[in-house]
Amino acid sequence: MRKPRDYDAELRTLADKARKLKNRRQHQLGELVQATGADRLSVEELAGALLEAGTAPRPTREAWRKRGAAFFRGEREDAGDGARGRPGSVAPDDRSAQPASGTTGTP
């Protein structure tokens, strides 16, 4: 005689696995936001950028896809002027950085 299956235990196992995958995806999204420097944007700016991305024309989205692919391949120079994959860092040509106090900003 065959042993009966415990469907409740299998469902709990699947639910735990789904929860772990969701948590991992959320963690990776947070890492991506930090690595790209998007954590320096306000929530409103980030939401607006994402809404705009959804309605962008196909050629623009294709260019973004290529930059994203380069970013994930580690080709930071081709991926844009972001933080180059170093969370908390400032891009070398970031114009928004303020000069140190007492300096005029000219060499």
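Just to be sure before I move on: is GLY54 small (Gly, Ala, Ser), free of Cβ contacts under 8 Å to residues at least 24 places away in the same chain, surrounded by fewer than 12 Cβ atoms within 10 Å (Cβ to Cβ) and on the phi > 0 side of the Ramachandran plot in the structure I sent?
Answer is no for this residue.
Yes/no matrix, rows are residues, columns are (1) in a helix (DSSP H, G or I); (2) more than 13 Å from the chain's Cα centre (by Cα); (3) free of Cβ contacts under 8 Å to residues at least 24 places away in the same chain; (4) surrounded by fewer than 11 Cβ atoms within 10 Å (Cβ to Cβ):
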residue	(1), (2), (3), (4)
ARG2	no, yes, yes, yes
ALA15	yes, yes, yes, yes
ALA18	yes, yes, yes, yes
GLN26	yes, no, yes, yes
LEU29	yes, no, yes, yes
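Where a number appears in this text, it was derived from the coordinates with a stated rule and is not lab data. On a predicted model such as this, the values are computed, not experimentally measured, just so you know. Backbone-built Cβ (ideal geometry, glycine too); neighbour counts: all protein chains shown.
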